[in-house]
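S.K.: My questions will all concern the structure given below.
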Amino acid sequence: MKILILAYDWRGFSLHDSKEVLRRLNRDGFDPENNVIHFLQVGPVSGDKVISKNVTSKVIKFPFQHARPLSDFFLGIVAIIFIVKRKFIPDLVVAADAALLWWVNFFKKERFQVCIFINGLNRVWAKKTGSKARYWYVVLSELVVRRRIDHAMTISRDSFEYAKNYLKIKEESIHSFTPQTFEHIPEFSKLKSVEIKRQLGISDESMTLLTVSRLEKEKGIDLLIEAFSTQDTRAHLVIVGEGSMMKELKDRCKELNIHDRVHFVGAVNHDAVWSYYYFADLYIQPSRSEALGLSLLEAMLCGVLVGAFPVGGLRDSIGEQLNRGWFFDEHNFSQSLKEIVERIKNKDGNVGDVVARAKMYVHEKIKQAPKIQSFISI
């Protein structure tokens, strides 16, 4: 199968980390060994990369990262030129955002099938931002392309409902699966976790909170920092990830005088991230909107108690309160965080049962390995 994947690459990721690109393709069921895959992206620099014998990436320079809808329009034009100039007719076009697919209406429907990978609840998040312009742009984008979308890949109950209710995709064309990030945990992870904790200057007696996330508004790291500032002054917060809010979040930590206890690690590769899970006492996913939350599932697999707001796919992963994790009170985050930290400190017997159920739940998820050929027949 010939697959064209449209995306953004603001960090130049696909041009410098071939191993991680292949891992993510396998994670999401695209099978780079048996499919010919072209990534077509825009980013801050141009470049072409041969990732493997079947996978290539082309990035076109577009220096304005936050210039939507201009960037969506630009990527669509690039896609048309790419198909026409190279005479490359894909069997399948894939994107994570309906706004990237407007251009498919210029091609006859029988030329290729279209699949949307719903890893973000765009309309829901746009509404939460309070921006009417952003919300109606998402709505209009979905209306323009939804008749051309043949399949949706969804990763949670909420994303399934999103595809059904907003994109009007037939249930038989909505394919639910669990991305496989769990297939390989390096043997060195537990041993390395002790070393990393010492390098960060965190003592064994200190409570350690962890989040692994992009530093963007929808991920709620600003809410976590505010709540953490009211906690025990001996606790530490480790933040793994990078994003446009990095400087703003660091400045806020200085204002709150917690900068010596909040550790911004930056981005780490997937093999290394497991070591961070292993030294955490509590993993927190404070997202305002989340289709699934793979990092939460990874933490559960490592035997870490997890906490999140009851939104999107995080509700599916945790279930009920203290079933497989802890739901924070959205309106009283600080107190809710303090309560679960006290339970951990006091070695509440229920916590061990919660962790065990969470680990079992992820082991069941591992069996639901995705394969795009099982969803789509070309």
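The values are calculated or read from the model by the stated rules, or taken from the named source; none is laboratory data. As the structure is a prediction and not an experimental result, all values here were calculated from the model. As a convention, Cβ positions derive from the backbone with ideal geometry for all residues, glycine included, and neighbour counts pool all protein chains shown. These area figures cover heavy atoms from the full protein model, side chains too; ligands, DNA and RNA do not enter into them. Shrake-Rupley method; radii C 1.70, N 1.55, O 1.52, S 1.80 Å.
S.K.: Would you pick out the residues in the range 178-236 that are over 27 Å from the mean Cα position of the chain (by Cα) and among the hydroxyl-bearing types (S, T, Y)?
M.R.: S203, S206, T230, T233
S.K.: For the range 319-336, indicate whether the set of residues that are under 20 Å from T154 (Cα atoms) and under 18 Å from the mean Cα position of the chain (by Cα) is non-empty.
M.R.: For the range 319-336, residues under 20 Å from T154 (Cα atoms) and under 18 Å from the mean Cα position of the chain (by Cα): absent.
S.K.: Okay, next question. Any residue in the range 185-202 that is over 21 Å from F264 (Cα atoms) sitting within a Cβ distance under 9 Å of a residue that is surrounded by fewer than 18 Cβ atoms within 10 Å (Cβ to Cβ) and among the charged types (D, E, K, R)? List the pairs, counting only those 6 or more apart or interchain.
M.R.: Cβ pairs passing all conditions: I185/D271; P186/D271; F188/D271.
S.K.: Right, something else. For the structure I just gave you, tell me whether V50 is under 29 Å from K217 (Cβ atoms) and of a type outside the set (K, R).
M.R.: On the way: under 29 Å from K217 (Cβ atoms): no; of a type outside the set (K, R): yes.
No, not satisfied.
S.K.: A follow-up question, please. Which of the following residues is closer than 25 Å to D158 by Cβ, open to solvent by 20 Å² or more (accessible area, probe 1.4 Å) and modelled with pLDDT of 95 or more: L294, L223, L256? Step through it out loud before you land on a result.
M.R.: On the way: L294 fails: modelled with pLDDT of 95 or more; L256 fails: closer than 25 Å to D158 by Cβ.
Among L294, L223, L256, only L223 is closer than 25 Å to D158 by Cβ, open to solvent by 20 Å² or more (accessible area, probe 1.4 Å) and modelled with pLDDT of 95 or more.
S.K.: Which residues, taken from the range 165-201, are closer than 26 Å to L25 by Cα, at pLDDT 85 or above, touching a helix residue (DSSP H, G or I) at 6+ places or on another chain (Cβ under 9 Å) and of a type in the set (D, E, K, R)?
M.R.: K170, E171
S.K.: For the range 1-115, give me every one of the strands (runs of 3 or more DSSP E) that falls completely inside it and has 3 or more residues that are crowded, with 16+ Cβ neighbours inside 10 Å and either touching a Ser or Thr at 6+ places or on another chain (Cβ under 8 Å) or not polar (S, T, N, Q) (or both).
M.R.: 2-8, 36-43, 55-61, 92-95
S.K.: Still on this model: Going through G352, G303, G313 one at a time, which residue ends up being open to solvent by 10 Å² or more (accessible area, probe 1.4 Å) and in contact (Cβ under 8 Å) with a residue 40 or more places away in the chain? Before the answer, list the steps.
M.R.: Values: G352 fails: in contact (Cβ under 8 Å) with a residue 40 or more places away in the chain; G313 fails: open to solvent by 10 Å² or more (accessible area, probe 1.4 Å).
Answer to the check: G303.
S.K.: Between S244, S229, which is in contact with an Asp or Glu (Cβ under 7 Å, 6 or more places away or on another chain), open to solvent by 10 Å² or more (accessible area, probe 1.4 Å) and over 20 Å from F182 (Cβ atoms)? Walk me through it before giving the result.
M.R.: Numbers: S229 fails: in contact with an Asp or Glu (Cβ under 7 Å, 6 or more places away or on another chain).
Being in contact with an Asp or Glu (Cβ under 7 Å, 6 or more places away or on another chain), open to solvent by 10 Å² or more (accessible area, probe 1.4 Å) and over 20 Å from F182 (Cβ atoms) holds for just one of S244, S229, which is S244.
S.K.: Could you list, in sequence order, the residues of the range 226-240 that are modelled with pLDDT of 95 or more and not polar (S, T, N, Q)?
M.R.: Matches in the range 226-240: E226, A227, F228, A235, H236, L237, V238, I239, V240.
S.K.: Pairs, please: C-beta under 6 Å, at least 6 apart or cross-chain, first residue within 14 Å of F177 (Cβ to Cβ) and in the range 21-34, second surrounded by fewer than 18 Cβ atoms within 10 Å (Cβ to Cβ)?
M.R.: Between residues of the range 21-34 that are within 14 Å of F177 (Cβ to Cβ) and residues that are surrounded by fewer than 18 Cβ atoms within 10 Å (Cβ to Cβ), the close pairs are G29/K371.
S.K.: I would also like to ask the following. Say we look at the range 44-62 and pick out the residues that are of a type in the set (A, V, I, L, M, F, W, C) and in contact (Cβ under 8 Å) with a residue 12 or more places away in the chain; which of these is farthest from D31 (Cα to Cα)?
M.R.: Within the range 44-62, the first condition is being of a type in the set (A, V, I, L, M, F, W, C), and the residues that meet it are 45, 50-51, 55, 59-60, 62.
After this cut, where a residue has to be in contact (Cβ under 8 Å) with a residue 12 or more places away in the chain as well, the list is 45, 51, 55, 59-60, 62.
Working: V45: 27, I51: 13, V55: 10, V59: 21, I60: 25, F62: 29 Å.
Once the filter is applied, the top-ranked residue is F62.
S.K.: Please go through the range 203-234 and pick out each residue that is without any contact (Cβ under 8 Å) to a residue 12 or more places away in the chain and among the polar types (S, T, N, Q).
M.R.: The initial filter retains those residues of the range 203-234 that are without any contact (Cβ under 8 Å) to a residue 12 or more places away in the chain, namely 203-204.
Result: S203, single match.
S.K.: Just to be sure, is N119 polar (S, T, N, Q), under 23 Å from the mean Cα position of the chain (by Cα), open to solvent by 50 Å² or more (accessible area, probe 1.4 Å) and within 26 Å of N269 (Cβ to Cβ)?
M.R.: Details: polar (S, T, N, Q): yes; under 23 Å from the mean Cα position of the chain (by Cα): yes; open to solvent by 50 Å² or more (accessible area, probe 1.4 Å): yes; within 26 Å of N269 (Cβ to Cβ): yes.
Criteria met by N119.
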